[in-house]
Amino acid sequence: MSSVYEEGENVGLHRFALFTACCTVFLIFVGGLVTSTESGLSVPDWPTTYGWNMFTFPLSKWVGGIFYEHGHRLVASFVGFLTVILAIWTWLKEKRRWVRWLSASALAAVILQGVLGGLTVLFLLPAPISTLHACLAQTFFCLTISLALFTSPGWKRGLPVIKREAESIPLQTLCAMTTGAIYLQLILGALMRHTNAGLAIPDFPLAFGRIIPPFTSDKVVIHFAHRLGAVIVAAMIVWTFSRIARFYSDYRLLYRPAMTMLVLVCIQLTLGALTVWTAKAVTPTTAHVATGALVLGTSLLLTLRAYGMVVVKVPANFRGAL
Amino acid sequence: MHKRLLFAFSSILLLVLAVSCGGGGDKTTELPPGAAPAVGGPAAPNATATVSGKIAFEGTPPPNEKVQMSSDPYCNMHAKDYPTLETVKVSDGGLENVIIYINNPPNATYPTPTSAVEINQENCHYTPHVFTMQTSQPLKIKNSDATLHNIHAFAEKNPQYNVGQPLKDMVNETKFPNEEMPLPVRCDVHKWMGAFIGVFHHPYHTVSKGGGSYELKLPAGKYEVVAWHEKYGKQTQMVDVMDNGKADLNFTFKADSKPTD
């Protein structure tokens, strides 16, 4: 792959995109705190805060649930501000048109996310809007990770070439499937949180003492679907990791995120269990949300790198010669 | 190569954005704002009979959940006044804060009281904790605290209500057009602050006071009387009263009884 930039050019933009992605993880954690502490409506107005301009609301009044909700609004504003800078910077300095448009879509996503956040307050947390708000948060996080990756010097210099014999399910496809499965699982998780179905099945690992619970309400169905989704996601991640550990372990750009994803999903499963066992205690519940985002982000990174590494397909009998 | 990458990346994003459109939620039936239950009929009969009694409590009252007010320095100054929630409040063997009402009021048109019912936020505590009112009767909400509160009514049959009161002595007024029993109220800023309202289209309802005593004024007739408590749920008894008559009707809630709908 030919280099798009001179080496070292625009490292600042990459670092800034990376910083924005890190701040987004923090924002997702803070957003999770708002839901976990049930503080979403502790500030009933928007975009003002109890009639004050959001940025001049006195610190002394950040009490009780206001601390979480108002804090979330300010962190979100900061991430929005970073995204504006990122989009302008990318638009001015980036030569690849599709990267420029990617930064513009990140800006559009963060604006829409802010509006959805406001609507969810004004309409008193309707589940569809709140769920969409949670899903768009993950989508925006994916955009920031992508921007950080595409602006990185390593990506611009060109990723290593991989020579592999043809696979029935190519690695790129497998990684994309895993990312898709994780995203669907996060949607289910968001739906579960915002329909208050987190304890619809109060025991774990069994469900009402059984493998398959009685489906007595929509909440039980949503909750059980999320548990089933966890099993599928875990299996997909183990499958992806096994493939990479077996055939691509020499490629650190693939092996490291695959290993990280495996560790993260173990943590995530533990946090999910703790969420039920502690009856949705604030810390494990919020950490479960943030770790979910990290699992998705890592999987997306892995997928993009898998697509970015040129795979040369060779016949199976040539393998020994590689 | 770049086109391939762009295509792959766009496909993932499109998938992701497409599934973002999902959603769902609880199905709640909301009557349109302003729609009151049909209460057509003759004028309300005179309530000359008296039904009174005691909401007795058997057993040792369970300890109420402790309140942690440290998240707001102002509230924390009053923490010693309200160390626990008042879920189960027993005095002289009687259970307080029980809503008593009738299920089958005479078919009549009941005038809406013009006097307001008041709920006050004082020392980070709702006063009263449980009260009743009529549909479309004004409810005055006062903030007597030098801190911020939001009053959030978790209505299912009425429009939801969530209003902030950042300043001391602020007063807001609202009305609930539809019957709703119970209608929980909470402050999202201070999680321990909770209250319950019973909203009825008729005037035959009350709340048990000290010692669990109560008194209901009713027209002559045979009624199904309900006693509702936030922890123990409902109990029902029949009563038959004559004009100017009196009837004793006692209820008993047990400490270990399971909540009922």
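Quick note: the coordinates plus some simple rules give every number you see, no bench work behind them. Bear in mind the structure is a predicted one, so any value in this text is a computation, not a measurement. Note that we place each Cβ from the backbone using ideal geometry, even for glycine, and neighbour counts take in every protein chain shown.
General remarks:
- Pairwise Cα distances in the range B:130-261 exceed 19 Å in 59 percent of cases.
- Across the range A:234-242, rounded Karplus estimates of 3J(HN,Hα) from the backbone phi angles (6.51 cos²θ - 1.76 cosθ + 1.60, θ = phi - 60°) give 4, 5, 5, 5, 5, 4, 4, 4, 4 Hz, Gly and Pro being marked x.
- Built amide H within the under 5 Å cut-off of B:Asn104, gap 5+: B:Glu224
- Farthest toward positive dipole pole in the range B:107-261 [+1 Lys/Arg, -1 Asp/Glu at C-beta], among B:Ala255, B:His205, B:Phe131: B:Ala255
- Angle in degrees between helix A:252-277 and the longest Cα principal axis of chain A, rounded to the nearest 10: 30 degrees
- Residue among A:Leu122, A:His14, A:Ala207 farthest towards the positive dipole end of chain A, charges placed on Cβ: A:His14
- Put simply, the amide H of B:Thr48, placed in the peptide plane, has neighbours under 5 Å in B:Leu218, B:Ala220, B:Asn244, leaving out anything fewer than 5 places away on its chain.
- Residues of type lysines that A:Lys313 reaches as a straight line, Cα spacing below 19 Å, ignoring anything fewer than 8 places off in the same chain: A:Lys163
- Each Lys and Arg Cβ is given +1 and each Asp and Glu Cβ -1; about its Cα centre, the protein assembly as shown then shows a dipole of about 2880 debye.
- Rounded if a/c under 1.5, otherwise prolate or oblate - the range B:31-175, Cα gyration tensor axes: oblate
- Ordering A:Lys219, B:Lys246, B:Lys89, B:Lys140 from the fewest to the most neighbouring beta carbons within 10 Å gives B:Lys246, B:Lys140, A:Lys219, B:Lys89.
- Take chain A and mark each of the GluC sites (Glu not before Pro) that is in a DSSP loop with at most 16 other Cβ atoms within 10 Å; the longest unmarked stretch, sites excluded, is A:10-166.
- Converting phi to 3J(HN,Hα) with the Karplus coefficients 6.51, -1.76 and 1.60 and the offset θ = phi - 60°, the range B:161-175 yields 9, 8, 10, x, 10, x, 10, 4, 6, 5, 10, 10, 10, 8, 9 Hz in sequence order, with x at every glycine or proline.
- For the range A:17-27, backbone phi angles converted through the Karplus equation (6.51, -1.76, 1.60; θ = phi - 60°) give residue-by-residue couplings of 4, 5, 4, 4, 4, 5, 5, 5, 4, 4, 4 Hz, Gly and Pro being listed as x.
- Straight-line cross-link partners of A:Lys280 among the lysines, defined as a Cα under 19 Å from its Cα and at least 8 positions apart when in the same chain: A:Lys219, B:Lys66, B:Lys191.
- The convex hull around the C-alpha trace of the range A:77-223, projected and averaged over every direction, spans 13.0 square nanometres.
- Signed unit charges on C-beta, dipole axis of the protein assembly as shown, positive-most listed residue A:Ile237, B:Val90, B:Pro63: A:Ile237
- Relative contact order of chain A: 25 percent, from C-alpha pairs under 8 Å at least 6 residues apart in sequence.
- Across the alpha-carbon set of the protein assembly as shown, the Rg to Rh ratio works out to 1.08, Rh being the Kirkwood radius.
- Around the Cα centre of the range B:92-214, unit charges on the Cβ atoms of Lys, Arg, Asp and Glu (plus for the first two, minus for the last two) sum to a dipole of about 120 debye.
- q = 0.19, 0.32 Å⁻¹, the range A:16-66: log10 I(q)/I(0) [Debye, one scatterer per Cα]: -0.78, -1.10
- Equivalent ellipsoid dimensions for the range A:261-312 as semi-axes, Å, which come from the Cα gyration tensor, largest first: 31, 9, 5
- Of all lysines in the structure, the ones whose alpha carbon falls short of 20 Å from that of A:Lys156, not counting any fewer than 8 places away in one chain, are A:Lys93, A:Lys95, B:Lys3.
- Placed amide H near B:Thr84: partners under 5 Å, 5+ positions off or other chain: B:Val67
- Whole-Å semi-axes of the ellipsoid equivalent to chain A (Cα gyration tensor, √5λ, descending): 36, 29, 14
- Across q = 0.21, 0.22 Å⁻¹, the range A:200-322 modelled as identical point scatterers on its alpha-carbon atoms has Debye log10 I(q)/I(0) values of -1.18, -1.24, in the order of the q list.
- Per-residue Cβ neighbour rank within 10 angstrom, fewest leading, A:Cys23, A:Cys142: A:Cys23, A:Cys142
- Pairwise centroid distance, computed over Cα atoms, of the range B:192-243 with the range B:92-139, Å: 10 Å
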